Amino acid sequence: MKRLSEMQRLSVSAVAVPLLTCLATLGTLMVWTATGNAGTPARLSAPEGRVLIPSGPEATAAFFTIRNTGTSDDALTGVTGPAGHRTMLSRTVDIGRNARSMEMAGAATVPAEGSLRMTATTLDVMISPPPRIAPGDRLTFTLHFRHSPPLTVRARAVRPGQ
């Protein structure tokens, strides 16, 4: 009988140590997460953007500022726009001798607690063929992200330089 009792104590301690270790680890992770240290997903928003009134028949561009109030980065991976028009992310690159060219852009990071600001000299949304728009007209676009759901945004038509 005495020997059986010793064996039960050994069995209990063999189970208790790993169990208590797991519970302590789980408790620590819960506290870490509850205090915000585990991060939050990206929280994306975009106010109304701008789309340039076309100056030629080839293409025009739209620009947005995407804000991320979350504590995790996300990436803008693509854009869809008005029916009948191709849209793509494009980037202006220096090709030497004060010349620049446009190239398709891959994903663009929307930093945690920051923003991605599109401009004519950085990243933009190229639209081809350009839509017929007048100052003040609005077009609807859908921004697509790696981790977040798509975001529908509007862009107001402006003359270049505005």
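Quick check: anything in region 57-69 part of a loop (DSSP other than H, G, I, E, B) and under 30 Å from Thr40 (Cβ atoms)? Spell out the reasoning first.
Here is the first cut: in region 57-69, the ones part of a loop (DSSP other than H, G, I, E, B) are 57-59, 64, 69.
Still in the list and also under 30 Å from Thr40 (Cβ atoms): 64, 69.
Checked region 57-69: at least one residue is part of a loop (DSSP other than H, G, I, E, B) and under 30 Å from Thr40 (Cβ atoms).
Scanning region 70-79 for residues that are surrounded by fewer than 20 Cβ atoms within 10 Å (Cβ to Cβ) and outside any loop (DSSP other than H, G, I, E, B) gives Ala75, Thr77, Gly78. The single condition among (1) of a type in the set (S, T, N, Q); (2) modelled with pLDDT of 90 or more; (3) open to solvent by 90 Å² or more (accessible area, probe 1.4 Å) that Ser90 does not satisfy is (3).
Scanning region 122-137 for residues that are farther than 22 Å from Ser45 by Cα, touching a Ser or Thr at 6+ places or on another chain (Cβ under 9 Å) and of a type in the set (A, V, I, L, M) yields one hit, Ile133. Kindly indicate which of Thr152, Thr119, Thr142 is under 30 Å from Thr40 (Cα atoms) and open to solvent by 50 Å² or more (accessible area, probe 1.4 Å). Sole residue among the options that is under 30 Å from Thr40 (Cα atoms) and open to solvent by 50 Å² or more (accessible area, probe 1.4 Å): Thr152. Among the residues that make up region 94-109, is at least one of them in contact with a Phe, Trp or Tyr (Cβ under 9 Å, 6 or more places away or on another chain), in a strand (DSSP E or B), within 30 Å of Pro41 (Cα to Cα) and at pLDDT 95 or above? No, region 94-109 has no match at all. Annotation for region 34-44: at least one member residue is open to solvent by less than 50 Å² (accessible area, probe 1.4 Å) and modelled with pLDDT of 95 or more.
Exactly one residue among Pro135, Pro82, Pro131 is more than 22 Å from the chain's Cα centre (by Cα), assigned to a loop (DSSP other than H, G, I, E, B), surrounded by 13 or more Cβ atoms within 10 Å (Cβ to Cβ) and not polar (S, T, N, Q), and that residue is Pro131. Of the residues making up region 36-85, those that are closer than 23 Å to Gln162 by Cβ and of a type in the set (Val, Ile, Thr) are Val51, Ile53, Thr60, Thr65, Ile66, Val79. Residues in region 45-56 that are of a type in the set (D, E, K, R) and assigned to a loop (DSSP other than H, G, I, E, B): Glu48 only.
For region 146-159, the condition of being modelled with pLDDT under 90, outside any loop (DSSP other than H, G, I, E, B) and hydroxyl-bearing (Ser, Thr, Tyr) holds for none of the residues. Just one of the listed residues (Gly56, Gly84, Gly49) is within 23 Å of Pro131 (Cα to Cα) and at pLDDT below 85, namely Gly56.
The values are calculated or read from the model by the stated rules, or taken from the named source; none is laboratory data. Predicted model, so just to flag it, every value in this text is computed and none were measured. We place every Cβ from the backbone using ideal geometry, glycine too, and count neighbours over all the protein chains shown. Quick note on the areas: whole protein, heavy atoms, side chains included, nothing else; ligands and nucleic acids left out. Shrake-Rupley method; radii C 1.70, N 1.55, O 1.52, S 1.80 Å.
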